[in-house]
Amino acid sequence: MASPLSAKKHNEAMREYVGAGTDRAHSLGNRGPIRFDANGKLAQDILDAYWEHGFYVFEGLVAENEISLLRHDYDYILDRAPVDNSADIDLYGRPALGIDFARRPYSMIKPLSDPWGGTELLGGRHQTQMDQPTPATDAPKKVPFLIGSMCQLSDAALRLYGHADILTVAEGINGPDFVPFNDATFVKQAGLGGSVAWHQDGLTHWNSPQWDEGIHGFNFQVQLYECTPYNCLWVMPGTHKLGKIDIKQRVADNGGSERLPGAVPLLCNPGDVTIANRQVLHCSFANSSPNIRISVTFGFHRLTSVLGARGVLGQESEVVYDEERVDARSSVIQVAIDARANFYPDEKRYTYAPFAGRESEYRFCPEVVEHVLKDYTLNDLSI
Ligand SMILES: O=C(O)CCC(=O)C(=O)O
């Protein structure tokens, strides 16, 4: 039997892999500060680079003071995580956050493990399992991996959801009637964070006659800490154009190694924001490094990709997304815009076309918070 892989050995193996990827990351021409055209829309050359490679890195999009507020909220959210998925208490015996939510927000896993790879979970889209190094003997039994419900757990995260530049990017890619997908903050604690096996996100439209490069939407990741090649998301450029990929074959062709050639790390500083097409092949390795990553992740779709689609990825399969559900889930964006405008009154306010003329019904106030934000994840629009 092969000897267990130590975190140290895992980190050494990564060291050989990261050099070429890092060079590629800087050579593709798909990173830089956000820019707009004369009409305030996302610059066309940025959109072109996104569509060519399937991802883009917006440098310094979220201001330092906003990142501090987000870190503060996420410190608290991490502190109040349950000790395990079904537990009601945190490490200190206090009630964990979110135990009263219709969907519990935390997903807890064994340190350095791969909870999805090679399983049928999430539509079986993680076809192979990643290396699972042995954690240190004093590591906690379970660590946070994913945290949902950002708009219900944190006012700073709600305001982020209404960020005008971020929503302008969503409009540029999916049109002014864009709709939300879901949110899930990925947490990779230093020396503990689990892996996300190679996968493509979308499930619904692979065989659709209307299939194209953008039909499964895209995700933002707002980076609260530095993303290094050791803890970050890796993307295989251009693979969003290929249709469904035989990942098992790719790994087999690579001698069984998860370190697939040609991939690029999404290197970021705090405040950088990435976008990644949900069809692009991507993964993240176990975080055997000394640096934490927290990526606040949320996605957007074209309206036409979602209307009439059936629930997948945790949404009931008998549900068909209709206009009422789309409107209910989209209203979270409108409340987020208002929450942001209250807190940052000097900033430009994004006009979200589907709610134009209805803004006064979606003010950030206790009644609306109760009606729109409570358990909003029940209306996620996963495809
Ligand atoms: O950030 C990560 O580690 C994984 C993200 C991911 O797989 C996704 O957003 O689909």
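Summary of computed values
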{"read-out": "Number of the exception - P144 against (1) farther than 24 Å from W51 by Cβ; (2) touching a residue at least 40 places away in the same chain (Cβ under 8 Å); (3) part of a loop (DSSP other than H, G, I, E, B)", "value": "(3)"}
{"read-out": "The stretch 269-290 residues that are among the aliphatic types (A, V, I, L, M), paired with ones that are assigned to a loop (DSSP other than H, G, I, E, B) (beta carbon under 6 Å, 6 or more apart)", "value": "V273/L61; V280/G54; L281/Q200; L281/M236; L281/I245; A286/L112; A286/P133; A286/S195"}
{"read-out": "Lone unmet requirement of (1) in contact with a helix residue (DSSP H, G or I) (Cβ under 9 Å, 6 or more places away or on another chain); (2) at pLDDT 95 or above for A136", "value": "(2)"}
{"read-out": "Any strands (runs of 3 or more DSSP E) falling wholly within the stretch 170-247 and containing at least 2 residues that are within 13 Å of the ligand (Cβ to nearest atom), of a type in the set (S, T, N, Q) and touching a residue at least 60 places away in the same chain (Cβ under 8 Å)", "value": "218-223"}
{"read-out": "Candidate set from the stretch 265-284 (those that are under 20 Å from G238 (Cα atoms) and not in a strand (DSSP E or B)); member that is farthest from the ligand (Cβ to nearest atom)", "value": "L267"}
{"read-out": "All positions within the stretch 11-46 that are surrounded by fewer than 14 Cβ atoms within 10 Å (Cβ to Cβ), assigned to a loop (DSSP other than H, G, I, E, B) and small (G, A, S)", "value": "G29, A38, G40"}
{"read-out": "Only listed residue being in contact with a Gly (Cβ under 9 Å, 6 or more places away or on another chain) and not β-branched (V, I, T), chosen from S330, S284, S295", "value": "S284"}
{"read-out": "Filter result (surrounded by 20 or more Cβ atoms within 10 Å (Cβ to Cβ), over 18 Å from W116 (Cβ atoms) and among the small types (G, A, S)) within the stretch 173-206", "value": "G191"}
{"read-out": "Hits in the stretch 99-141 (condition: touching a Pro at 6+ places or on another chain (Cβ under 6 Å), assigned to a loop (DSSP other than H, G, I, E, B) and closer than 26 Å to A157 by Cβ)", "value": "P111"}
{"read-out": "Scan of the stretch 289-334 for residues that are away from the ligand (no atom under 14 Å from the Cβ), part of a loop (DSSP other than H, G, I, E, B) and of a type in the set (S, T, Y), ordered by number", "value": "S317, Y321"}
{"read-out": "Selection count, the stretch 290-337, where residues are at pLDDT below 95 and under 21 Å from I147 (Cα atoms)", "value": "6"}
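Results for (1) at negative phi; (2) touching a helix residue (DSSP H, G or I) at 6+ places or on another chain (Cβ under 9 Å); (3) small (G, A, S), shown as yes or no for each residue.
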site: D48; (1), (2), (3): yes, no, no
site: F58; (1), (2), (3): yes, yes, no
site: A63; (1), (2), (3): yes, no, yes
site: Y74; (1), (2), (3): yes, yes, no
site: L97; (1), (2), (3): yes, yes, no
site: M108; (1), (2), (3): yes, no, no
site: S113; (1), (2), (3): yes, no, yes
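The values are calculated or read from the model by the stated rules, or taken from the named source; none is laboratory data. This one's a predicted model, so the numbers in the text were calculated from it and none came from an experiment. No Cβ is skipped: glycine too gets one built from the backbone with ideal geometry, and neighbour counts run over all protein chains shown.
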